[in-house]
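J.: This is the structure I have questions about; it appears just below.
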Amino acid sequence: MAKRILILDGHPDPAPERFVHALARAYADGSRSAGHEICSIVLGQMEFPLLRSNAEFRGGHPPQVIREGQEAIQWADHLVILFPLWLGSMPALLKGYLEQTLRPGFAFAEAGQQGLPVRLLAGRSARIVVTMGMPALFYRWYFRAHSLRSLERNILKFCGFNPVRSILVGMVDALDAPGRERWLAKCNQLGVRGQ
């Protein structure tokens, strides 16, 4: 069954040689080949202000580029977020984009009947792809993948995305050409399956 897929390339550096960009293209190519509809957001090509207060987060008016991102999220059945691990977490620009985009009234509503927030983006799934310089197993077991778990649980699932799946691409700077091709093929196949 064809899906509407939003690919958020969260690498702040627009330089074309960044592996995150190649992974995003491979996912998009696989998706298109399987008949899925694709929309892409390339964070490294965007300009937007960062939020600086709770009042802005709760009551401010998002700029046009953020409203367009919100429309794309509402359109999508499946969200794919790709980014490099920087200082153990997502880059600040990606965090700033998510803060601007996933605001109250769009991504969640204040407390419902049981005192819990209402997840306004329910019915959508998500895939997270993270590249890193360290071995993926080390990040997952020693660091307990804390930043990935925070994005999965505290952000995406909090807003209603479910299921949220992830893959970690470790030792990215040490990957040889066959290693890169294996990861590109994996992302391509995930795109084909719309996962």
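The values are calculated or read from the model by the stated rules, or taken from the named source; none is laboratory data. None of these values were measured; they are calculated from a predicted model. Neighbour counts run over all protein chains shown; Cβ positions are idealised from the backbone, glycine included.
J.: When you scan segment 75-110, how many residues do you find that are of a type in the set (A, V, I, L, M) and within 16 Å of L23 (Cβ to Cβ)?
T.: 7
J.: Considering every residue within segment 66-78, establish whether at least one is out of contact with any Asp or Glu (no Cβ under 7 Å at 6 or more places or on another chain), more than 19 Å from G160 (Cβ to Cβ) and in contact (Cβ under 8 Å) with a residue 40 or more places away in the chain.
T.: Checked against the condition, which is being out of contact with any Asp or Glu (no Cβ under 7 Å at 6 or more places or on another chain), more than 19 Å from G160 (Cβ to Cβ) and in contact (Cβ under 8 Å) with a residue 40 or more places away in the chain, segment 66-78 yields no hits at all.
J.: Given the criterion closer than 21 Å to L8 by Cβ and without any contact (Cβ under 8 Å) to a residue 60 or more places away in the chain, identify the matching residue among G179, G160.
T.: Only one candidate qualifies: G160.
J.: Quickly run through segment 87-125 and pick out the residues that are touching a strand residue (DSSP E or B) at 6+ places or on another chain (Cβ under 7 Å), closer than 17 Å to R153 by Cα and touching a residue at least 12 places away in the same chain (Cβ under 8 Å).
T.: Hits for segment 87-125 are M90, L94, F108, P117, R119, L120, R124, S125.
J.: A further question on this structure: Taking P104, is it closer than 21 Å to R58 by Cβ and either among the charged types (D, E, K, R) or over 18 Å from the mean Cα position of the chain (by Cα) (or both)?
T.: yes
J.: Keeping to segment 87-117, report how many residues are assigned to a strand (DSSP E or B) and either surrounded by fewer than 15 Cβ atoms within 10 Å (Cβ to Cβ) or not hydrophobic (A, V, I, L, M, F, W, C) (or both).
T.: Selection size over segment 87-117: 3.
J.: Out of the residues in segment 118-131 that are surrounded by fewer than 20 Cβ atoms within 10 Å (Cβ to Cβ), at pLDDT 95 or above and of a type in the set (A, V, I, L, M), which is nearest to I167 (Cα to Cα)?
T.: Ranking the candidates gives A122 first.
J.: Now for a separate question. Please verify whether segment 12-25 includes one or more residues that are part of a strand (DSSP E or B), under 27 Å from V192 (Cα atoms) and modelled with pLDDT of 95 or more.
T.: Checking segment 12-25: not a single residue is part of a strand (DSSP E or B), under 27 Å from V192 (Cα atoms) and modelled with pLDDT of 95 or more.
J.: Continuing with the same structure: Restricting attention to segment 29-53, which residues are in a helix (DSSP H, G or I), out of contact with any His (no Cβ under 9 Å at 6 or more places or on another chain) and closer than 21 Å to M90 by Cβ?
T.: Q45, the sole residue that qualifies.
J.: Could you tell me how many of the residues in segment 13-38 are more than 16 Å from I128 (Cα to Cα), crowded, with 16+ Cβ neighbours inside 10 Å and within 17 Å of the chain's Cα centre (by Cα)?
T.: Count: 2.
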